[in-house]
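*Asks:* Here it is, the structure in full.
The values are calculated or read from the model by the stated rules, or taken from the named source; none is laboratory data. Everything quoted here is computed from the prediction, not taken from an experiment. In this analysis, Cβ positions are derived from the backbone assuming ideal geometry, glycine residues included, and neighbour counts consider all displayed protein chains.
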Amino acid sequence: MADTSPSDSAPIDAGLARVPLLGMGLRPFFLGAALWAILPMLLWLPYWMGVMDLPTAFAPLEWHIHEMLFGYASAALAGFLLTAVPSWTGEAPVRGGALLGLAAIWLLGRITVLTSEMLSPLVAAVIDVAFPLLLALWTAKACLAAGNKKNLVVALMVLLLAVASALHHAAPLDLGDFSEQARALALGGFALMIGLVGGRVTPNFTRNWLKSRNKSPLPPEFGTADKAAMVLLAATVAAWVLLPPDNASTGAVTGVLALAAGALHLIRLARWRGLATLSDPLMAVLHLGYLWLPIGLVLLGAAQLGWVPAAAPSHALGGGAFAIMILGVMSRATLGHTGRPLKAGIGTTVMYALALASVILRVLAALIPELGIPGLHGAAGLWILAHLFFLALYGPMLLKPRVDLRHERDRPSL
């Protein structure tokens with residue numbers, strides 16, 4: 001995702017100037033993602049421990065998984081795509097009423113899933129699945145209209161998330177339990193998104209950063225090694241979703257594929273010169289987030305081979321690769337698209353450190369039984385703090401006009 005896009009500096013009408021939140025896709029969805037990282041976590045722990053009840057048709061663990069993947073991560077993905085796709089394609093961004101409608105569908109999905117037991121599991125499923133489906137269709141339409149067929153694969157990945165969400169709703173609807181396949185498809189779909197999109201923006205941003213400082217060598221362009229890593233990742237995801245994990249033979253196939261994919265993506269990351277960016281947290285966090293992709297794949301391989309619990313790779317991917325990359329992209333994009341310098345202050349660095357500490361503790365709690373509940377609570381607390389930092393630091397930026405367009409706020413209505 002480029003640091004700026006044509007839509008950022010284009011004139012905006014007086015109505016949008018008065019409601020900056022509806023001027024760009026990243027604004028409502030980055031805010032929604034950060035808020036939804038916090039609220040379900042606060043509700044889920046007492047729900048899971050039996051201290052309180054929630055009116056959802058999902059079991060406690062499944063509700064937590066669903067809201068982290070299809071609530072939190074999907075909102076962040078929407079904010080990214082609604083801002084990036086117009087810069088990829090030149091198509092008009094979603095703004096104003098259309099953006100409000102899309103954000104409302106996401107929010108209604110969260111509310112109806114939370115209240116699905118007393119409302120209707122079917123209503124919840126329809127509204128919830130509608131969001132990623134609409135996002136996939138919009139992405140495909142924008143790419144096709146611009147003749148930008150190479151990015152249609154992104155629309156396909158979002159469509160996979162819609163399928164995963166639908167599968168996750170099957171159990172509350174008494175249509176069969178496909179929860180494991182839904183989790184694998186969702187985690188795998190987001191992993192593919194990081195491998196493809198994160199695998200382009202991270203070396204590209206690093207290349208530009210190094211050039212601006214007259215440093216070399218530069219990260220290589222996308223080539224054969226990158227394609228091989230992505231093909232192996234896709235094969236791993238397909239095996240993870242389609243092959244039964246409780247069968248030793250098929251589990252071994254998935255495990256070996258995941259270990260090989262993890263090794264290839266680690267080699268891929270090593271070629272991007274991440275160590276050279278350690279002085280710039282906004283750059284280094286992208287490499288750190290990507291690092292958790294091979295870590296998660298290696299742990300997935302180990303879990304499929306029966307060496308570690310399945311919770312370890314799930315949280316390495318979800319809390320590591322996804323969340324750290326999400327916080328890195330959300331902070332960088334918010335600065336760039338609100339007209340501010342791409343510079344991380346102390347608060348942003350602390351936010352990244354909290355997110356890193358959270359995933360490390362959560363993965364260790366999965367690997368070391370003695371950490372148990374204290375480790376789980378500690379990881380949740382650090383997770384909440386990291387996203388509170390985002391809201392405190394970047395929430396005001398997302399709610400206000402660009403710093404170089406604030407005169408638009410006082411323009412009289414036409």
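*Asks:* Identify, please: which residue in segment 47-75 is under 25 Å from the mean Cα position of the chain (by Cα) and farther than 27 Å from Leu133 by Cα and is, among those, surrounded by the most Cβ atoms within 10 Å (Cβ to Cβ)?
*Replies:* So in segment 47-75, the residues under 25 Å from the mean Cα position of the chain (by Cα) come out as 47-48, 56-75.
When the remaining residues are screened for being farther than 27 Å from Leu133 by Cα, the result is 47-48.
Numbers: Tyr47: 19, Trp48: 16.
Across segment 47-75, the extreme among qualifying residues is Tyr47.
Here's the yes/no breakdown for (1) farther than 15 Å from Phe205 by Cα; (2) modelled with pLDDT under 95:
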{"position": "Arg268", "(1), (2)": "yes, no"}
{"position": "Met283", "(1), (2)": "no, no"}
{"position": "Pro294", "(1), (2)": "yes, no"}
{"position": "Ala303", "(1), (2)": "yes, no"}
{"position": "Gly306", "(1), (2)": "yes, yes"}
{"position": "Ala316", "(1), (2)": "yes, no"}
{"position": "Ile326", "(1), (2)": "yes, no"}
{"position": "Ala333", "(1), (2)": "no, no"}
{"position": "Thr349", "(1), (2)": "yes, no"}
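*Asks:* Kindly list, by first and then second residue, each pair from a residue in segment 110-125 that is without any contact (Cβ under 8 Å) to a residue 12 or more places away in the chain to a residue that is aliphatic (A, V, I, L, M) and assigned to a loop (DSSP other than H, G, I, E, B), limited to pairs with Cβ atoms under 7 Å and residues at least 6 apart or on different chains.
*Replies:* Going by the 7 Å Cβ cut-off, there are no qualifying pairs.
*Asks:* Also: Is it fair to say Trp44 is within 22 Å of Asp177 (Cβ to Cβ), at pLDDT below 95 and buried (at least 19 other Cβ atoms within 10 Å of the Cβ)?
*Replies:* In short, yes.
*Asks:* Can you list the helices (runs of 4 or more DSSP H) found entirely within segment 184-293 that contain at least 3 residues being of a type outside the set (A, V, I, L, M, F, W, C) and surrounded by 17 or more Cβ atoms within 10 Å (Cβ to Cβ)?
*Replies:* Values: elements: 199-212, 224-242, 248-270.
It comes to 199-212, 248-270.
*Asks:* Pull up segment 96-116, narrow it to residues that are crowded, with 16+ Cβ neighbours inside 10 Å and not aliphatic (A, V, I, L, M), then point me to the one that is nearest to Leu173 (Cα to Cα).
*Replies:* Ser116
*Asks:* Being in contact with a Cys (Cβ under 7 Å, 6 or more places away or on another chain) and at pLDDT below 95 is true for just one of Thr89, Thr4. Which residue is that?
*Replies:* One residue alone meets the criteria, Thr89.
*Asks:* Looking only at segment 222-230, decide whether some residue is touching a Leu at 6+ places or on another chain (Cβ under 8 Å) and within 24 Å of Leu77 (Cβ to Cβ).
*Replies:* Yes, some residue in segment 222-230 is touching a Leu at 6+ places or on another chain (Cβ under 8 Å) and within 24 Å of Leu77 (Cβ to Cβ).
*Asks:* Looking at Leu99, Leu119, Leu135 in this structure, which one is under 20 Å from Glu67 (Cβ atoms) and in contact with a Leu (Cβ under 7 Å, 6 or more places away or on another chain)? Spell out the reasoning first.
*Replies:* Working: Leu99 fails: under 20 Å from Glu67 (Cβ atoms); Leu119 fails: in contact with a Leu (Cβ under 7 Å, 6 or more places away or on another chain).
Just a single option satisfies the conditions, and that option is Leu135.
*Asks:* Yes or no: segment 135-148 includes at least one residue that is part of a helix (DSSP H, G or I), in contact (Cβ under 8 Å) with a residue 40 or more places away in the chain, farther than 25 Å from Leu376 by Cα and of a type in the set (Ser, Thr, Tyr).
*Replies:* Yes, because at least one residue in segment 135-148 is part of a helix (DSSP H, G or I), in contact (Cβ under 8 Å) with a residue 40 or more places away in the chain, farther than 25 Å from Leu376 by Cα and of a type in the set (Ser, Thr, Tyr).
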